[in-house]
2 protein chains.
Amino acid sequence: MIRSVQWHSKRLQHSLAPNISQLLKKPPALDSALTVNGYVKSVRSLKKVSFVDLFDGSTHESLMCVLSPADAEQLKTGQSVRFQGTWKQSKGKEQPFELKTQAVEVLGDVPANYPLQKKLHSLKFLRTIPTLRWKTGYLSSILRFRSQVDGRLHRFFEDEGFFKTNPPIITGSDCEGAGELFQVESKSKESQPFFGKSAYLTVSTQLHLEVLCCALGKVWSLSPTFRAEESDTNRHLSEFWMLEGEIAFIDNVQQLTKFTERMIKSIVKDLVEDNNGIATNLLKSQRSEEGMEQAIGKLQQRWSSLYTEEWPCITYSEALDILKRSGVKFQIPVRYEDGLASEHEKWLAGEHFHSPVFVVDYPKEMKPFYMKLNDDNSTVACFDLLVPEVGEIIGGSVREHSLEKLHTEIEQRGMNKQDLQWYLSTRENATVPHGGFGLGFERLLCYLSGVSNVRDVVPFPRAHDECEA
Amino acid sequence: MIRSVQWHSKRLQHSLAPNISQLLKKPPALDSALTVNGYVKSVRSLKKVSFVDLFDGSTHESLMCVLSPADAEQLKTGQSVRFQGTWKQSKGKEQPFELKTQAVEVLGDVPANYPLQKKLHSLKFLRTIPTLRWKTGYLSSILRFRSQVDGRLHRFFEDEGFFKTNPPIITGSDCEGAGELFQVESKSKESQPFFGKSAYLTVSTQLHLEVLCCALGKVWSLSPTFRAEESDTNRHLSEFWMLEGEIAFIDNVQQLTKFTERMIKSIVKDLVEDNNGIATNLLKSQRSEEGMEQAIGKLQQRWSSLYTEEWPCITYSEALDILKRSGVKFQIPVRYEDGLASEHEKWLAGEHFHSPVFVVDYPKEMKPFYMKLNDDNSTVACFDLLVPEVGEIIGGSVREHSLEKLHTEIEQRGMNKQDLQWYLSTRENATVPHGGFGLGFERLLCYLSGVSNVRDVVPFPRAHDECEA
């Protein structure tokens, strides 16, 4: 007994129908006639009345719809539907409003083996249905969170007087020598390379950001970056988004650590205060495998400890001392010349400090050519931010702004000066002291939302042998 | 007589010094001691006093600094400097404050042939110095504008209940068959392709956005997209940013045209009302080649006509009728089966309507496979937005959501159904009526800021044989 919905007027059709989030945030007047679109989450039928939970991905909440058992008969979980009805005060306790439904239209049916039934699927299984998995309550909350954090960062940088910029994705030279590159060429390449030379996907926008910070002062970017690494872990992707900032006229690494602490805390503040429902979105969508309360408590604990305390800052040597004196048997031995392994980083932040911790002044041999040498002539003015469970999520440094010192460094490392000529021009023409940082956007999202596999915070992950959908 | 600046305290050093924009927006108390960084725009020396105009890219305004002729002696245009002084009420009329400078430090010198002297350089010349050109007043105002528009769009989409998403840049199939593709492969490729198959840079995020709109309802992206086209014009790039939106549960093209009109007008409103100085930034930085007043008047005229009127909407057939009846001798003849040439588009918007104009319902043969067929069985429910001088800047459509009709279309066009299987899964599992659009971000910026070459709104343009810096 599915009746087709009759539309009101030509005029109405030209606006967008409010979604469930908008209806619940700004409820229409009681008894208003209304059209609501969404997907059937569940159907419960009593003798004289049926209830449909309707969701549409705009919020973690679903809308309770009351309809006749005859109308409900042909509905099933997953279908897309359009309901016409009247907006009513709800008699139940779960939510204040409900839709008394008069007309029902099934827009799209689901096959008999439709996988998203009302039960808990493993995240691993959900990754095998890449075009459907974002319809689950948990994963859709992660994408909504991603969007909220993106928006929050825009406001933060605006307030701090930064300009958002778009450095290039395709770059002409393998300047940094960092990690594995992807090469780009026209599919229909004839004899000459399309760009007149070899071209690659960027591994970091930093060098170009440095140019732009010399022009605009404080700049940032949120840009896709690429690594052709074959490592198959739950925290590496070949295509990931990097947030990078570059600031002119700074002299020391503490200006950068203070700034990045403020940046992350601006997001955490929203989570702690639940501004715009950003925390509720995550908390109400937690998966109940390990127990809802436990999952919620763990996240809230993480946010509040991030927020309330000032993050410690230690030097690389101090970090080594702490690790050596700890008495812990690490799988990888702690040695000054080997740097910090991921297990050392996680132990420092997670077990020792129970807090994010900045590590500054690494030996220069461990870091790229552009970092500013400290007065000791052996360490550089850089920092990594280590967080519990995840390890490093930000790296940054003051940049060497002396042309002479950069030349020396480039020569000592046997790098190609010609390829870097454009970059060096910033030091030849009114060089300025400056510095910046890069943040793995997906890693930050994982940490703040408690997601353990980076594939679950990216709509369509790309990695070695992984380019589905 | 250049003295080095003495720093106050360790504590102060850890915050960022306010830039000129921040100083002018929230002026410190009169007689405050202050450190200001920037570049020398000009030096004027009288007998007992010298004046330096200082700029730092944070605003179109420069800061007047008053110093002794002895301190000013070694300063020259372009140098980066750090001044220490006292914040004073200005005696001049040009701006309310000035810095009475007590100590001067040259941070970075410029070579004798430093190109950015205080004169008007052609934009063409500036493109030959890609790492320096953004320091000019005009071009830096364009990058500031780009950042402002980006931020404005974030707020607009948030207010409209959209989620920002990041569809993939690397895609596994040449689904759309639109334009020339770039292929991506690991530089150190061994025998097997890195992704297990051929991979390309995306030409549009639309197909993935469709998947995401089925999950979240209303989604948008601002993403780099790529075309390996060899056309060398002032409006084509190989790497450009596309703003795309996709909306679930819409049925007709007017819902899309109304929405995109509202979207662009939200930016134009800020320009007309000069919210946050967005218009002043552009107007005060206009180049005076053609006369400042004329340039300013032209831009203001463009904004106000965009803002005040409702944009007309005509069908493709009506567009053809108007063109045929016009009596204008076009270089390319007007024929129904040939579509609209760029000169036709510009004439319609610029000469006939003097307004942006929507053209809807194009013949289906001219459009991609995914557009929804109209009841006439020959046109599709699509639109292009044409604007004066530039031509098309937005294209969009209702998407065909019937699996059966899509199959027919794909077969008739001889496309590879296997490659599109992931996309078709959205129609197999609770398909929903939906639609969306794509906007060339650089073209919009050009139009709103009056820039005629797209290379001047992108920090580092990429095109055929063009991958400098």
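The values are calculated or read from the model by the stated rules, or taken from the named source; none is laboratory data. All values reported here derive from a predicted model rather than from experimental measurement. Neighbour counts run over all protein chains shown; Cβ positions are idealised from the backbone, glycine included.
Among the residues of segment B:294-316, just one is surrounded by 15 or more Cβ atoms within 10 Å (Cβ to Cβ) and small (G, A, S), namely B:A295.
With respect to the stated conditions, B:T225 is of a type in the set (S, T, N, Q), free of Cβ contacts under 8 Å to residues at least 60 places away in the same chain, outside any helix (DSSP H, G or I) and in contact with a Ser or Thr (Cβ under 7 Å, 6 or more places away or on another chain). Inspect segment B:130-145 for any residue being facing chain A (nearest Cβ under 9 Å), crowded, with 18+ Cβ neighbours inside 10 Å, at negative phi and modelled with pLDDT under 95 and give the result as yes or no. No, there is no match, as no residue in segment B:130-145 is facing chain A (nearest Cβ under 9 Å), crowded, with 18+ Cβ neighbours inside 10 Å, at negative phi and modelled with pLDDT under 95.
Picking from residues in segment A:96-105 that are under 26 Å from A:M292 (Cα atoms) and either of a type in the set (V, I, T) or surrounded by fewer than 17 Cβ atoms within 10 Å (Cβ to Cβ) (or both), the one that is farthest from the other protein chains (Cβ to nearest Cβ) is A:P96. Among the numbered conditions (1) touching a Ser or Thr at 6+ places or on another chain (Cβ under 7 Å); (2) surrounded by fewer than 22 Cβ atoms within 10 Å (Cβ to Cβ), the only one that B:G172 does not meet is (1). For segment A:146-162, the candidate set comprises residues that are farther than 17 Å from A:L282 by Cα and buried (at least 21 other Cβ atoms within 10 Å of the Cβ); within that set, the residue that is nearest to the other protein chains (Cβ to nearest Cβ) is A:H154.
I'd like to know if segment A:213-228 contains one or more residues that are modelled with pLDDT under 95, at the interface with chain B (Cβ under 8 Å from one of its Cβ atoms) and over 19 Å from B:F240 (Cα atoms). Scanning segment A:213-228, I find at least one residue that is modelled with pLDDT under 95, at the interface with chain B (Cβ under 8 Å from one of its Cβ atoms) and over 19 Å from B:F240 (Cα atoms), so the answer is yes.
Just name the residue that is surrounded by the fewest Cβ atoms within 10 Å (Cβ to Cβ) out of those in segment A:419-469 that are of a type in the set (A, V, I, L, M) and more than 30 Å from A:A295 (Cβ to Cβ). Spell out how you get there, then give the answer.
Here is the first cut: in segment A:419-469, the residues of a type in the set (A, V, I, L, M) are A:420, A:424, A:430, A:432, A:439, A:444-445, A:448, A:451, A:454, A:457-458, A:463, A:469.
When the remaining residues are screened for being more than 30 Å from A:A295 (Cβ to Cβ), the result is A:420, A:424, A:430, A:432.
Details: A:L420: 19, A:L424: 16, A:A430: 24, A:V432: 24.
Ranking the candidates gives A:L424 first.
In segment B:246-261, the residues that are at the interface with another protein chain (Cβ under 10 Å from one of its Cβ atoms) form Cβ pairs under 6 Å with partners that are part of a helix (DSSP H, G or I) and buried (at least 23 other Cβ atoms within 10 Å of the Cβ), at six or more places apart or across chains, as follows: B:A248/B:C213. Taking the criterion of being within 11 Å of another protein chain (Cβ to nearest Cβ) and surrounded by 12 or more Cβ atoms within 10 Å (Cβ to Cβ), the residues of segment A:111-129 that qualify are A:Y114, A:P115, A:L116, A:I129.
State the number of residues belonging to segment B:264-292 that are assigned to a helix (DSSP H, G or I) and hydroxyl-bearing (S, T, Y). Working first, answer last.
Taking segment B:264-292 first, the residues assigned to a helix (DSSP H, G or I) are B:264-273, B:275-283, B:292.
From the residues that got through so far, the ones that are hydroxyl-bearing (S, T, Y) too are B:266, B:280.
Count: 2.
Of the residues making up segment B:183-206, those that are crowded, with 17+ Cβ neighbours inside 10 Å and more than 9 Å from chain A (Cβ to nearest Cβ) are B:T202, B:V203, B:S204, B:T205, B:Q206.
The condition (being farther than 28 Å from B:P130 by Cβ and of a type in the set (G, A, S)) is satisfied by just one residue among B:G391, B:G395, B:G440: B:G395. Set side by side, the residues B:G78, B:G85, B:G108, B:G57 differ, and just one is touching a residue at least 60 places away in the same chain (Cβ under 8 Å) and surrounded by 20 or more Cβ atoms within 10 Å (Cβ to Cβ), which is B:G57.
Does A:L386 satisfy being within 13 Å of chain B (Cβ to nearest Cβ), within 19 Å of A:K346 (Cα to Cα) and in contact (Cβ under 8 Å) with a residue 12 or more places away in the chain? Here the answer is no, as A:L386 does not meet what is asked. Reported count of residues in segment B:11-21, each being at the interface with another protein chain (Cβ under 9 Å from one of its Cβ atoms) and modelled with pLDDT under 95, is 6. Considering segment B:311-327, the residues that are touching a residue at least 40 places away in the same chain (Cβ under 8 Å) and not in a helix (DSSP H, G or I) include one that is farthest from B:T379 (Cα to Cα), namely B:W311.
Of all the residues that make up segment A:426-460, how many are facing chain B (nearest Cβ under 8 Å) and in contact with a Pro (Cβ under 9 Å, 6 or more places away or on another chain)?
First pass over segment A:426-460, keeping only residues facing chain B (nearest Cβ under 8 Å): A:426-433, A:458-460.
With the extra rule that they be in contact with a Pro (Cβ under 9 Å, 6 or more places away or on another chain), the set shrinks to A:428-429, A:458-460.
Count: 5.
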